[in-house]
Structure formats: structure tokens, C-alpha cells
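These notes concern the structure reproduced below.
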Amino acid sequence: PEKCVVAVDGPSGSGKSTVSRRLASALDGVYLDTGAMYRAVTWSVLQAGVDLTDPDAITKIALETELSIGTDPLAPHFAANGTNVDEPIRGSEVTGAVSAVAAVPAVRKQLVALQKAIIAGHPRIVVEGRDIASVVAPNADLKVYLTASAAARAARRSAEDATDVAATEASLARRDKLDSSRATDPLRVASDAVEVDTTGMGIDEVVAFLLKLLNSKG
Ligand code: C5P
């Protein structure tokens, strides 16, 4: 299709990134990792050494941070204030702080506006996050909510970054709780989203299923 916006939401470790990148490639479109945007801003906030319980200080740094956002599904590179942050945004420091930064309403407002502008400039795009179907792209052509059992999500994540499964499961649970319970744009299933439980499914299977859904929509 000429125009195709796909929203992919879900908790951490549900397979969102791998599925979204594969889907974007199959559609010959671009890929927007909104989680990486929150992570890049969090990196900048940590660099500045501001108090994570001070929303005004966080907002000030967020507004000052110049983001470079990669949208190539094969190699989505991110930079903040001219520094490549692909590695540090996946580290435990950023992962531990990102939900606090992402809960600040002014940070969300700034990043959602950027996300909407990027979507408007790309007719074929797969966007992954927590609030894409509900807030960022309410008119998406397809809205997907990916889930998987807590055990499956932790197993996948710890296989990716070689960490302890039990510690990973605890860290995912903590982040899910913060992301689902925050006041502004919490993680939730949009009423018109297709919910896919990927627990027993392989990546190929999930991508094929989503492509079939898109085709059936014309
Ligand atoms: O998807 P990823 O795990 O990289 O997201 C990191 C964090 O960014 C999430 O735990 C959440 O706090 C925040 N996030 C968000 N809204 C989005 C995407 C991510 O609040 N659309």
C-alpha cells in the first residue's frame, strides 16, 4: 500500500522491536522506535546529573537535548547532542531511569509532537511504543498490541543481553508497573487494537500474521 501507518504497542520484551523492524522492512517503509527516544532523553538527563524526582529539572534538560533519530529498520542509529547513544541507551542505568523520565508530562508532550511530525513525513511507517495507538497515531491503519507471558518476556530479554533471568523478570515487572500506572498516557490496550500473544509464536509467524491482517484491510 502507498500509505500505511502501523502502531505496535506492548510491554517490554513482548517482541515489539524485532517484529516492528521486520514488518517495516517487509513494507519497504521506515521504523520509529519511540522507546529509544525516551531512552536518549534519559541518557541526556543522566549526563546532566539532575535529580530524577525533579520534573522541572528533567523537562529543562529534555527541551535542551538535540535528538538525531534513526528510522532505518536495519540500522536505527540515535544521537543526543551530537553523541551517538546506541550503546548507552540499552544499558542498565538508562533502563532503570527511563520510566521516571517518561512519566513527566512535558517530556511526553515534546516527544509526542516530534513523533507525530516524523509520522507525517513518512507515508509507510511502523511505530513502536506504549501509547502509539491511543495518543501518537490514533488514525493508524493497523493497531497491534503485543503481549507474552512474563516468563517468556524475561527469557527473551536475558538471552539478548546475557543477564540473569530472575533479575530481568523483576526489572521488567517494575518498568511495566510504572508504565501502566502513570497518569499521562499509560500503557494500555486501545479499544481498536488487535491483541497478539506471542508467547508460543516465532518472529516469522507473528510478522506473517500481521502482514495478512494488513492485506485483508486492503
Ligand atoms: O520500548 P522500550 O523498552 O525501549 O521503552 C523504554 C521506556 O520508555 C518504557 O519503559 C517507557 O517508560 C517509555 N516509553 C513510553 N512511551 C513510549 C515508548 C516508551 O513511555 N511510546
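The values are calculated or read from the model by the stated rules, or taken from the named source; none is laboratory data. Note that the structure is a prediction, hence the values are computed from the model and not measured. A quick note on method: Cβ atoms are made from the backbone with ideal geometry, for glycine too, and the neighbour counts reach across all protein chains shown. Heavy atoms of the whole protein, side chains included, go into the accessibility calculation; ligands, DNA and RNA do not. Shrake-Rupley method; radii C 1.70, N 1.55, O 1.52, S 1.80 Å.
Does region 132-153 hold any residues that are part of a helix (DSSP H, G or I) and away from the ligand (no atom under 13 Å from the Cβ), and which are they?
Kept after step one, since they are part of a helix (DSSP H, G or I), are these residues of region 132-153: 132-136, 150-153.
Of everything in region 132-153, those that are part of a helix (DSSP H, G or I) and away from the ligand (no atom under 13 Å from the Cβ) turn out to be 150, 151, 152.
When you scan region 122-131, do you find a residue that is surrounded by fewer than 16 Cβ atoms within 10 Å (Cβ to Cβ) and more than 9 Å from the ligand (Cβ to nearest atom), even just one? Full working, then the answer.
Applying the first criterion (surrounded by fewer than 16 Cβ atoms within 10 Å (Cβ to Cβ)) to region 122-131 yields 123.
The next check asks that each one be more than 9 Å from the ligand (Cβ to nearest atom); those that pass are 123.
Looking for residues that are surrounded by fewer than 16 Cβ atoms within 10 Å (Cβ to Cβ) and more than 9 Å from the ligand (Cβ to nearest atom), one finds at least one in region 122-131, hence yes.
Say whether the condition of being part of a helix (DSSP H, G or I), touching a strand residue (DSSP E or B) at 6+ places or on another chain (Cβ under 9 Å) and closer than 22 Å to residue 197 by Cβ is met by at least one residue in region 160-182.
Going through region 160-182, the residues part of a helix (DSSP H, G or I) turn out to be 160-161, 165-181.
This time we only want the ones that are touching a strand residue (DSSP E or B) at 6+ places or on another chain (Cβ under 9 Å), so: none.
No, region 160-182 contains no residue that is part of a helix (DSSP H, G or I), touching a strand residue (DSSP E or B) at 6+ places or on another chain (Cβ under 9 Å) and closer than 22 Å to residue 197 by Cβ.
Looking at region 189-198, can you tell me whether even one residue there is acidic (Asp, Glu), on the phi < 0 side of the Ramachandran plot, part of a helix (DSSP H, G or I) and open to solvent by 60 Å² or more (accessible area, probe 1.4 Å)? Step through it out loud before you land on a result.
First pass over region 189-198, keeping only residues acidic (Asp, Glu): 192, 195, 197.
So of that shortlist, the ones also on the phi < 0 side of the Ramachandran plot come out as 192, 195, 197.
Okay, now just the ones that are also part of a helix (DSSP H, G or I), so none.
Checked region 189-198: no residue is acidic (Asp, Glu), on the phi < 0 side of the Ramachandran plot, part of a helix (DSSP H, G or I) and open to solvent by 60 Å² or more (accessible area, probe 1.4 Å).
To keep it simple, each residue is scored yes or no on (1) within 15 Å of residue 16 (Cβ to Cβ); (2) in contact with a strand residue (DSSP E or B) (Cβ under 8 Å, 6 or more places away or on another chain).
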| position | (1), (2) |
| --- | --- |
| 81 | no, no |
| 84 | no, yes |
| 96 | no, no |
| 104 | no, no |
| 109 | no, no |
| 117 | no, no |
| 133 | yes, yes |
| 153 | yes, no |
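I'm trying to understand the selection: among the residues of region 106-155, which are more than 16 Å from the chain's Cα centre (by Cα) and basic (Lys, Arg)?
124
Can you name every residue in region 156-176 that is away from the ligand (no atom under 14 Å from the Cβ) and open to solvent by less than 50 Å² (accessible area, probe 1.4 Å)?
Initially, region 156-176 is screened for residues away from the ligand (no atom under 14 Å from the Cβ), giving 158-159, 162-167, 169-170.
Selection gives 158 alone.
Which helices (runs of 4 or more DSSP H) does region 3-105 wholly contain that include 3 or more residues that are open to solvent by less than 20 Å² (accessible area, probe 1.4 Å) and closer than 23 Å to residue 212 by Cβ? Show your work before the answer.
Values: elements: 16-26, 34-48, 55-64, 92-102.
Result: 16-26.
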